[in-house]
Amino acid sequence: MKLVVVSAGLSQPSSTRLLADRLAAATTRHAGAEVEVEVIELRDLATEIARHLVTGFPPARLAAALDAVAGAQGLIAVTPVFSGSYSGLFKSFFDVLDKDALTGKPVLIGATGGTARHSLVTEHALRPLFSYLRALVLPTAVYAASEDWGEEGLAARITRAGTELARFMAPGGEEAPVAGGAVPDTDTAAAIAPRSLTGAITSVDPNGGFEVVPFEQQLAALRVE
């Protein structure tokens, strides 16, 4: 299995890269098969990304990074928080990614910031972005403020998020182990989150057939005779 990690940290060392590495380690630790991890540091591709935005043609290093994301079985995407949202470099990378590259791909999102006040950035910025790209965004997102490092709560969130990604990446129906040695109830992303005929995630298996009851009929059934 191929896992690609996209880190938009700008400094060295970077708390964003540290969070990305810990998420990747948690994923590989709970995967049921060998996982090849490739890390893409966007700071090293900043010039190439800007050139691609202007010319429409990606330089070789950027093209290789885009191909790696498109070909991965899972993606971890982590950004620092700038002005209450993801960084411009992070957004620019996904702006030049093919619009279909993330369709149905499990994506674990994370962010870092100086204060806990930005903790909802994963929900109001990152999750809508990847939902628009038709990715399968995992339930657990991880935000790490400066004061979170070394705290037990952050480690628990990282473990839970990595376990979820490993579960969705499990190939050929193999079950990935989770924390504590337990085994997931379902073994593939399709079983966990089946899709309706329109492509929306649903709790109903479309292969089994189901009846859509008009809303007016449902209201009528609630009326008191």
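Against the test of being of a type outside the set (Asp, Glu) and in contact (Cβ under 8 Å) with a residue 40 or more places away in the chain, the options Val69, Val137, Val107 yield a single qualifying residue, Val69. For region 78-112, filtered to residues that are basic (Lys, Arg) and modelled with pLDDT of 95 or more, the residue that is most open to solvent (accessible area, probe 1.4 Å) is Lys91. Looking only at residues that are touching a strand residue (DSSP E or B) at 6+ places or on another chain (Cβ under 9 Å) and surrounded by 22 or more Cβ atoms within 10 Å (Cβ to Cβ) in region 23-41, which one is modelled with the lowest pLDDT? Filtering region 23-41 for residues that are touching a strand residue (DSSP E or B) at 6+ places or on another chain (Cβ under 9 Å) and surrounded by 22 or more Cβ atoms within 10 Å (Cβ to Cβ), the one modelled with the lowest pLDDT comes out as Ala31.
Could you check region 6-104 for helices (runs of 4 or more DSSP H) lying wholly inside it with 1 or more residues that are under 21 Å from Leu154 (Cβ atoms) and among the acidic types (Asp, Glu)?
Values: elements: 15-30, 46-55, 60-71, 88-96.
Once the helices (runs of 4 or more DSSP H) in region 6-104 are filtered for at least 1 residues that are under 21 Å from Leu154 (Cβ atoms) and among the acidic types (Asp, Glu), what remains is 15-30.
Look through Leu3, Leu62 and report the one residue that is crowded, with 16+ Cβ neighbours inside 10 Å and out of contact with any strand residue (DSSP E or B) (no Cβ under 8 Å at 6 or more places or on another chain). Even if it seems obvious, please write down each step before you answer.
Numbers: Leu3 fails: out of contact with any strand residue (DSSP E or B) (no Cβ under 8 Å at 6 or more places or on another chain).
Among Leu3, Leu62, only Leu62 is crowded, with 16+ Cβ neighbours inside 10 Å and out of contact with any strand residue (DSSP E or B) (no Cβ under 8 Å at 6 or more places or on another chain).
The values are calculated or read from the model by the stated rules, or taken from the named source; none is laboratory data. The model shown is predicted, which means the values in this text are computed figures rather than measured ones. A quick note on method: Cβ atoms are made from the backbone with ideal geometry, for glycine too, and the neighbour counts reach across all protein chains shown. Keep in mind that these areas ignore ligands, DNA and RNA; they rest on the heavy atoms of the full protein, side chains included. Shrake-Rupley method; radii C 1.70, N 1.55, O 1.52, S 1.80 Å.
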